[in-house]
Amino acid sequence: MAGKDRPPPYNPYPNDIPQPYSRASAQAAGSYHGAGPAGARAGGYPGGPPPPQANHQYQQHVQQQPYSGDPGYQHQSQYRGHSQGRSGGGGRGQGSARQRQPAGKTGSLARIQRTARRVKESSEISLCIKYSLFFANFVFWLAGILLIGIGIWAWYDRGVLGDVENLVSSPFVDPVWWFIVLGGIIFVMAAFGCIGALRENILLLRLYSIFLGLVLLIEIGGGVAIYLYKDEIETKFVDQLNDLAITGYRDNPDFQDLVDAIQTEFKCCGVTSPDDWDNNLYFNCSDSMRSRYKNPEACGVPFSCCIRNPNSEVINTQCGYNVRSSSISDADRIARININGCIQAFKYWVQTNLVVVAIAAGIILLVEIFGLCFAMSLIKDIKRQKAKWRKAHPSDYQKIQTGP
């Protein structure tokens, strides 16, 4: 071909951007320059391999414009691997090996970090955790209201609802106070958890977590202390129970009914033995109570200590009169009343129903642990969503912080 008829030199970099590799165009261009197919295979472009700065420009171009269905993308990938192999002093295999790095632990760690970053960026508040926490606390909230209502109804039925002095005179021996205090604690804790979960309020959820954590610590610490110091705690408990249940038996009608129900259910009498009732003013065996005041209950026990006749539906409320006096033989006393203390009876009941007690305690602990974990998880989700919103709307966040 004559020189004047020869086409202008082939420019593979129009506008400083490399064009996709084309075998047909490379062969044609190589033929024009006298290189032929061999020249095209050697360099991929007429005149040999592209300069190093072209490879750098090409990689920047590919990073800025990722593949979006362009048919020439495959040729661009081939060109990139070919040019990296030539510029590094090796063939296409060496350039491809470098392109596949990193591998091993470094590559696995990088993939895990990228996956965690994508999950974090696309995460949302878990509706399962949110509404599970809401409905569970809603049930406990209703239970707290029920306990408070039972206590108020008991005061109203006793006729002391308006008598403040009578209400606060003996709070420890009044079971109604126990119902109201327990119901109030459950009501407040459940309200924090219920409203905090529904409204996604971090402050209420934190208060709920703190209260629930304290309850868990008290329960676990109490169980460990009972296991380690069983004898000392039992002695203290017996003394306190004598002062509370025996001495204050007649101080409150509701408390008296509670003590009678316990002695009837567990078939026991007194805290450790029937002689514990000597600490009560009405059942004391002193001479002054028997001769001076002529008290018929002196040296006796409450009727709930008596062994009932299964053939009779009538409760004999005087069956315990004078049963602890010296004139009554031991055989006659055993035939009339229960001689086991309520502490021994309760310990025997726990040993007999140990599986049921363990399952009940485990369920209570699991409910509290799951509630605490759900609350903490929900707090983290809310914080993450708030951080994403602040990052996406910095100007609006600044307005909220500075105010109008």
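Considering each of C306, C319, C285, C269 in turn, give the residue that is within 18 Å of L244 (Cβ to Cβ) and either touching a residue at least 40 places away in the same chain (Cβ under 8 Å) or surrounded by 14 or more Cβ atoms within 10 Å (Cβ to Cβ) (or both).
Only one candidate qualifies: C269.
Of everything in region 377-404 that's in contact (Cβ under 8 Å) with a residue 24 or more places away in the chain and open to solvent by less than 90 Å² (accessible area, probe 1.4 Å), which residue is farthest from R199 (Cα to Cα)?
K388
Answer with yes or no whether G107 is at pLDDT below 90, assigned to a helix (DSSP H, G or I), out of contact with any Asp or Glu (no Cβ under 8 Å at 6 or more places or on another chain) and not aromatic (F, W, Y).
Here the answer is yes, as G107 does meet what is asked.
If we keep just the residues of region 360-376 that are within 16 Å of A197 (Cα to Cα) and without any contact (Cβ under 8 Å) to a residue 24 or more places away in the chain, which is least open to solvent (accessible area, probe 1.4 Å)?
Looking at the filtered set, the residue picked out is C373.
Answer yes or no: is there a residue in region 346-354 that is open to solvent by less than 80 Å² (accessible area, probe 1.4 Å) and either under 30 Å from I233 (Cβ atoms) or of a type outside the set (S, T, Y) (or both).
yes
Any idea which of (1) without any contact (Cβ under 8 Å) to a residue 24 or more places away in the chain; (2) surrounded by 13 or more Cβ atoms within 10 Å (Cβ to Cβ) is the one I343 doesn't satisfy?
(1)
Find the helices (runs of 4 or more DSSP H) located wholly in region 163-275 whose residues include 3 or more that are under 30 Å from T317 (Cα atoms) and touching a Lys or Arg at 6+ places or on another chain (Cβ under 8 Å), and list them.
Ranges flagged: 253-266.
The values are calculated or read from the model by the stated rules, or taken from the named source; none is laboratory data. Keep in mind it's a predicted model, so treat the numbers as computed, not measured. In this analysis, Cβ positions are derived from the backbone assuming ideal geometry, glycine residues included, and neighbour counts consider all displayed protein chains. Side chains are part of the model used for accessible areas, which takes the heavy atoms of the whole protein and leaves out ligands, DNA and RNA. Shrake-Rupley method; radii C 1.70, N 1.55, O 1.52, S 1.80 Å.
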